[in-house]
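The values are calculated or read from the model by the stated rules, or taken from the named source; none is laboratory data. Note that the structure is predicted; figures quoted are calculated from it, not measured. Note: ideal-geometry Cβ built from the backbone for every residue, glycine included; neighbour counts use all protein chains shown. In case anyone asks, the SASA skips ligands and DNA or RNA and just uses the protein heavy atoms, side chains included. Shrake-Rupley method; radii C 1.70, N 1.55, O 1.52, S 1.80 Å.
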Amino acid sequence: MAESESQDGDYNRGKMVENIKTDLEELLEEMEKLTVRAAWMAYSYTAIQTNADLSNAMQHSEDVFLMCKEQIEKKWQEVLLE
C-alpha cells in the first residue's frame, strides 16, 4: 500500500515538474516576443525622430485614415437606416 502511494506521489511530482517546464517555456516564448516588439518600437521611434519627412507622412496617413473611417461609418449608418 505504501509503495502504491509512493508511486502516485512520484507520478504527481513528475507531472508537476513537467507542467512547470511547459509553463516556463511558454513564459520565455512570450518574453521573447515582447522583447522583439520593444526592439522594433525603439527602432521605429528612432527612425521617426531622425526623419521629419517620415513623421509628416505618418501623420498624413493617420489623418487620411481617420477621414476614411468617418466616411465609412456615415455610409454604414445610411445603409442601416434603409
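Do you know which residues across segment 4-31 are at pLDDT below 80 and open to solvent by 100 Å² or more (accessible area, probe 1.4 Å)?
Those that are at pLDDT below 80 and open to solvent by 100 Å² or more (accessible area, probe 1.4 Å): Glu5, Gln7, Tyr11.
For segment 32-55, enumerate the residues that are open to solvent by 100 Å² or more (accessible area, probe 1.4 Å) and either in contact with a Cys (Cβ under 9 Å, 6 or more places away or on another chain) or not hydrophobic (A, V, I, L, M, F, W, C) (or both).
Correct list: Glu32, Lys33, Arg37, Tyr43, Tyr45, Gln49, Thr50, Asp53.
Could you figure out which of (1) modelled with pLDDT of 90 or more; (2) exposed (fewer than 10 other Cβ atoms within 10 Å of the Cβ) isn't true of Asp63?
(2)
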